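A short write-up of the structure that comes next.
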Amino acid sequence: MRSYSLIAPAKINLYLEIIGVRPDGYHELAMILQSIGLADQIDVHSISTDSIRVHCNHPQVPTDKSNLAYRAAELMAMQFPEAFAQYGGVEISINKQIPVAAGLAGGSTNAAAVLVGIDLLWKLGLTQPELEELGRTLGSDVPFCVAGGTAIATGRGDQLSPLPSLDNIYIVLGKYRSLEVSTPWAYKTYRQQFGDSYRDSNNLAARANAVHSGAIVKAVLDKDAGEIAQKLHNDLERVVLPAYPQVLQLREVFANQEGVLGTMMSGSGPTVFALFESQQQAELVLLQVREAIIDEDLELFVTRIITHGIKVVSSV
Ligand code: ATP
């Protein structure tokens, strides 16, 4: 095969707790990550020259080496030089549907798709743990994006424990097109403002692992959508909501709609999501939010929780 098309789903954070600062300077996190139906399509083709090329339909996404998909291909070429020499270069086309810099892991899921796609193109036969290990060097969210579904993530967000798949939970996402939040800014600001509260750097991993026996994990294991929605949590809301009043307002509008089980900002934002028991309720609330906030800059999507990460849709 010389070409693969892959679906690269976005993720939301059902839970994000900042435990403290690790010796390597990163934050120790306790998270629950969840794949959602909103996805990019990634096409990877073998080309005869020994170069890596990236195309994207979204003007804000770089196509040079700063694109995480490019870096994933470069990593594969470095790790597997014989396959790179044998099969040649790679052309990557990104059909971007996931809002950019939105807290939805758009770049990370593209990188995960490129790892999976090149593994297939070059017939490497890598296992899921091997793909996750490669992903870890590209970014903390990349390992999760490979297999997706529902998982507890600790460490930098790259230590994964899969949870049983959730189903039948519908989502409305709201994102202001022109608003982007830098993930490094959000964590840095959190550390400046709230770092005193986590000076204790003892037993970070053990404290993060306490999430395994927490209330939201119990709700996930019980597949209790209402209870999951009650236990949604994101520490980064403490810095992003005061800095971005539009995001706070959007969250409040969601919270006041009938049928909303719960609402929260995803990751470092600025996307806000709300959970529902039915697609019909989600679609109705989307319309109500559109009426409550008259602003063309506000993008709204209905989607649902899904049980997979990167998926091959066709090969030629
Ligand atoms: P995360 O939730 O993992 O923090 P995010 O959803 O907040 O990620 P991205 O959509 O990955 O953020 O974009 C962050 C920045 O990365 C963007 O400003 C963009 O310039 C850059 N970027 C690099 N590669 C990609 C890509 N393949 N898709 C989107 N953005 C990319």
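Selection of region 97-127 for residues being farther than 28 Å from S48 by Cα and surrounded by fewer than 19 Cβ atoms within 10 Å (Cβ to Cβ) yields Q97, V100. Here the condition is being more than 12 Å from the ligand (Cβ to nearest atom) and in contact (Cβ under 8 Å) with a residue 12 or more places away in the chain; of L138, L134, L104, it holds for L134 alone. Restricting attention to region 86-101 and to residues that are out of contact with any helix residue (DSSP H, G or I) (no Cβ under 9 Å at 6 or more places or on another chain) and of a type outside the set (S, T, N, Q), the residue that is farthest from the ligand (Cβ to nearest atom) turns out to be G88. For region 14-22, indicate whether the set of residues that are free of Cβ contacts under 8 Å to residues at least 60 places away in the same chain, within 16 Å of the ligand (Cβ to nearest atom), part of a strand (DSSP E or B) and open to solvent by 10 Å² or more (accessible area, probe 1.4 Å) is non-empty. The answer is no, given that none of the residues of region 14-22 is free of Cβ contacts under 8 Å to residues at least 60 places away in the same chain, within 16 Å of the ligand (Cβ to nearest atom), part of a strand (DSSP E or B) and open to solvent by 10 Å² or more (accessible area, probe 1.4 Å).
If you go through region 43-62 and keep only what is near the ligand (Cβ under 9 Å from one of its atoms) and either free of Cβ contacts under 8 Å to residues at least 12 places away in the same chain or in contact with a Ser or Thr (Cβ under 7 Å, 6 or more places away or on another chain) (or both), you end up with V54, C56, P62. Please enumerate the residues belonging to region 146-174 that are open to solvent by 10 Å² or more (accessible area, probe 1.4 Å), modelled with pLDDT under 95, more than 13 Å from the ligand (Cβ to nearest atom) and assigned to a loop (DSSP other than H, G, I, E, B). Listed by number, the residues that qualify are S165, D167, N168. The strands (runs of 3 or more DSSP E) falling completely within region 230-316 that include 2 or more residues that are outside the structural domain of D119 (by TED's automatic domain parsing), polar (S, T, N, Q) and at pLDDT below 95 map to 311-315. Hey, could you check region 56-86 for residues that are open to solvent by 60 Å² or more (accessible area, probe 1.4 Å) and assigned to a helix (DSSP H, G or I) and say which is farthest from K123 (Cα to Cα)? Result: R71. Each residue in region 175-201 was checked for being open to solvent by 60 Å² or more (accessible area, probe 1.4 Å) and part of a helix (DSSP H, G or I), and 9 of them qualify.
Does at least one position in region 267-278 carry a residue that is open to solvent by 70 Å² or more (accessible area, probe 1.4 Å) and under 25 Å from the mean Cα position of the chain (by Cα)? Yes, that holds for at least one residue.
The values are calculated or read from the model by the stated rules, or taken from the named source; none is laboratory data. Keep in mind that this is a model prediction, so the values were computed, not measured. Please note: Cβ atoms are built from the backbone with ideal geometry, for glycine as well, and neighbour counts cover all protein chains shown. When the accessible area is computed, the model is the full protein with side chains, heavy atoms only, and any ligands, DNA or RNA have been set aside. Shrake-Rupley method; radii C 1.70, N 1.55, O 1.52, S 1.80 Å.
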